[in-house]
Amino acid sequence: MKSIRITALAAVTVAAAFSLTACGGDDSGTNASAKDSSSAPSSSTGSSSSSSSSDSGSQSSDGSGSGGSEAGSSTSGSGKGTGTTANGTTQTGSKVTFCKSEDLAIDAADAAPGGGEGRINITMINRGSATCSATGFAGVDIKDADHTSNPIERGRAQPRITTLKPGDAAVFDLAYTIDSSGNSLSSPTNILVTPPNETHTVTLPWPTGAGAIKGAYTDVQVYPTHTTK
């Protein structure tokens, strides 16, 4: 009987030992699993880093692509700024430029209406091959016999659009009061004319028969151009 009990006890002890060993194996497995799971973030971090790198590469590619496109747009915008229109023509080509002195035949003539009023009409004919604009005030100086020249002031008048086709004429006038006393202190010899928006001056003789100027040259006024049509 003792032998049976000892054998049974030994069997129980062995079984307990196996049970403990099995439990220890489970714990080891759990720890390994925990370690594996703890290493997962590292893998995830690597993936995230890779993803970030990929995103960075994508942004860099997109960014440079956008930048290039924007630069292209800017260049295109710059092209439009120079006057390119939708149909490919240029605005500068369609604009009417101001008449140049070299393309104008300019003449001065007495046109006094009488009654003590002096007036000199100055005519500009477009001898060029293209339409041009003579809109505005011409610059005018009167040269005296003492070789001095005096600028003429503008009269109170609103300029009118004066576009000249080849062969067309524009007129502007000088107005002043005639001195019939015979004691005028002015002795005009020439009229110096600079067409509107030009810098080249044309010298004209003072018209024969024009009345003497009363007062000073500053009392003479120039009026804006207008067409003869």
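Does Gly167 satisfy the condition of being surrounded by fewer than 18 Cβ atoms within 10 Å (Cβ to Cβ) and at pLDDT below 95? No, not satisfied. Going by what's in this entry, would Gly128 be described as outside any strand (DSSP E or B) and of a type outside the set (Lys, Arg)? Taking the combined requirement at face value, the residue satisfies it.
In summary, Thr177 fulfils each of the numbered conditions (1) buried (at least 17 other Cβ atoms within 10 Å of the Cβ); (2) touching a Lys or Arg at 6+ places or on another chain (Cβ under 6 Å) with the single exception of condition (1).
Take the conditions (1) of a type in the set (S, T, N, Q); (2) part of a loop (DSSP other than H, G, I, E, B); (3) in contact with a Phe, Trp or Tyr (Cβ under 7 Å, 6 or more places away or on another chain); Ser184 misses just one of them, which is (3). Taking Val96, is it aliphatic (A, V, I, L, M), under 19 Å from Pro195 (Cα atoms) and modelled with pLDDT under 95? Against the criterion (aliphatic (A, V, I, L, M), under 19 Å from Pro195 (Cα atoms) and modelled with pLDDT under 95), Val96 qualifies.
Taking each residue of the stretch 179-205 that is over 20 Å from Glu117 (Cβ atoms) and looking for partners that are in a loop (DSSP other than H, G, I, E, B) and basic (Lys, Arg) with beta-carbon atoms closer than 7 Å, six or more apart or interchain, yields Glu198/Lys100.
Quick check, is Gly155 at pLDDT below 95, of a type outside the set (D, E, K, R) and surrounded by fewer than 18 Cβ atoms within 10 Å (Cβ to Cβ)?
Working: at pLDDT below 95: no; of a type outside the set (D, E, K, R): yes; surrounded by fewer than 18 Cβ atoms within 10 Å (Cβ to Cβ): yes.
Criteria not met by Gly155.
Please indicate, with yes or no, whether at least one residue in the stretch 212-224 is touching a residue at least 24 places away in the same chain (Cβ under 8 Å), buried (at least 20 other Cβ atoms within 10 Å of the Cβ) and within 20 Å of Ala105 (Cα to Cα). There is at least one residue in the stretch 212-224 that is touching a residue at least 24 places away in the same chain (Cβ under 8 Å), buried (at least 20 other Cβ atoms within 10 Å of the Cβ) and within 20 Å of Ala105 (Cα to Cα).
Could you pull out the residue among Ser129, Ser181 that is of a type outside the set (Val, Ile, Thr) and within 20 Å of Asp219 (Cα to Cα)?
On the way: Ser129 fails: within 20 Å of Asp219 (Cα to Cα).
When all the criteria are applied, what remains is Ser181.
Looking across the stretch 152-161, not a single residue is more than 22 Å from Thr227 (Cβ to Cβ) and either of a type in the set (Ser, Thr, Tyr) or touching a Phe, Trp or Tyr at 6+ places or on another chain (Cβ under 8 Å) (or both).
The values are calculated or read from the model by the stated rules, or taken from the named source; none is laboratory data. This structure is a prediction, so every number in the text was calculated from the model and none was measured. We place every Cβ from the backbone using ideal geometry, glycine too, and count neighbours over all the protein chains shown.
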